[in-house]
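J.: So that we are looking at the same thing, I have put the structure below in structure tokens.
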Amino acid sequence: MIKSAVTIALVPQIKSGPWIFWEDLEQSMKKAAALGFDGIELFTSSADAIDPDHLGELLEKYQLQLAAVGTGAGKVIHGLTLTDPDPEIRKKAISFISDMITFGAKFGAPAIIGSMQGNVLPTGDREETLTWLAEGLEILGKQAESERAFLIYEPLNRYETNLMNTLAAGGSFIEKHRLNKVRLLADLFHMNIEEENIAQSILDFGKHIGHVHFADSNRKPMGLGHTDMGPIAEALKEIGYEGYISAEAFPSPNPDTAAEQTIQEFRKWFK
Ligand SMILES: [Mn+2]
């Protein structure tokens with residue numbers, strides 16, 4: 001069954017980002033539950049920013065699942081990426097994500113690698129950079145598997161990374177390096193910029209998709225831009241997708257309205 005989720009960001013440094021809720025954890029969870037979301041996707045500054053026991057109690061209280069945990073704070077706050085030319089920084093990036101994997105896995109949730117993938121630097125070598133990325137994903141994927149979770153790699157649009165921008169690029173990379181525990185994130189905003197045909201890419205690389213970010217063409221909540229959601233929803237159903245459709249969109253015009261808009265669109269296409 002396809003499940004709904006909504007993002008909650010608790011990192012002050014990224015407050016202007018595309019997150020629906022960005023204030024108090026419990027208040028946000030209460031609102032998510034009241035609207036009928038199945039799960040929440042969390043962005044925290046580190047793996048120990050929230051006491052797991054406390055989170056467990058709140059998930060139980062509001063009958064929500066932890067859909068995924070984001071790792072972007074590792075880059076935004078600490079400047080870490082998996083493809084930094086400095087091996088010490090790559091090591092710290094792996095350690096930061098590793099802790100996030102353990103935090104998420106306690107609740108059966110995968111960790112997402114988005115901005116932590118980094119970039120090929122102007123002075124860098126593309127092959128070497130991609131080798132570093134493959135090494136990091138290999139180590140972290142194995143760890144996720146040992147903790148009965150999986151790892152998510154997110155192709156981003158060209159303005160955010162020059163590593164991989166499409167599901168095709170991400171899928172070929174996973175296959176080439178046999179990253180069996182790594183699944184792709186289909187972010188509909190990034191895909192709107194990069195894919196020739198969003199629905200067709202979902203059909204072609206569906207077996208690799210482990211998570212979906214739900215946002216319209218302008219990163220507003222779905223329905224407030226010009227993405228043609230019908231064929232995309234059909235494609236997700238056709239591949240038998242059973243993960244989360246998680247709202248990673250701007251809180252436009254405000255968090256409460258954005259959350260409501262999102263759950264209405266979710267029900268329109270997936271219920
Ligand atoms: Mn995303």
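J.: How many percent of the accessible area of region 3-270 is carbon or sulfur, using a 1.4 Å probe?
T.: C and S fraction of accessible area: 48 percent.
J.: Here is a follow-up. With 5 Å bins from zero, work out the P(r) of region 3-270 over every alpha carbon pair and list the percent per bin.
T.: Distribution as computed: 1, 6, 14, 18, 20, 18, 13, 7, 2, 0, 0 percent.
J.: I would also like to ask the following. So, in nm, how far is label Ser217 from label His78 when the simple model puts each one 7 Å beyond its Cα toward the Cβ?
T.: Output for this residue pair reads 3.9 nm.
J.: Under a 1.4 Å probe, what is the accessible area of the chain per residue, stated in Å²?
T.: I get 43 Å² per residue for the chain.
J.: Mind checking the alpha-carbon convex hull of region 1-59 and giving the volume per residue in Å³?
T.: 92
J.: So, with +1 on the Cβ of K and R and -1 on the Cβ of D and E, and no other charges, what is the size of the charge dipole of the chain about its Cα centre, to the nearest 20 debye?
T.: Result for the chain is approximately 260 debye, rounded to the nearest 20.
J.: Could you give the radius of gyration (one decimal) and Dmax (whole number) of the Cα atoms in region 156-262, in Å?
T.: 13.8, 43
J.: Sticking with this one: Just read off the accessible area of Asp86 with the full protein assembly in place, 1.4 Å probe, to the nearest 10 Å².
T.: Result for Asp86: roughly 60 Å² accessible.
The values are calculated or read from the model by the stated rules, or taken from the named source; none is laboratory data. No experiment lies behind these values; they were computed from the predicted model shown. Cβ atoms come from the backbone with ideal geometry, glycine included; neighbour counts cover every protein chain shown. To get the accessible areas, we keep the full protein, side chains included, count just its heavy atoms, and leave off ligands, DNA and RNA. Shrake-Rupley method; radii C 1.70, N 1.55, O 1.52, S 1.80 Å.
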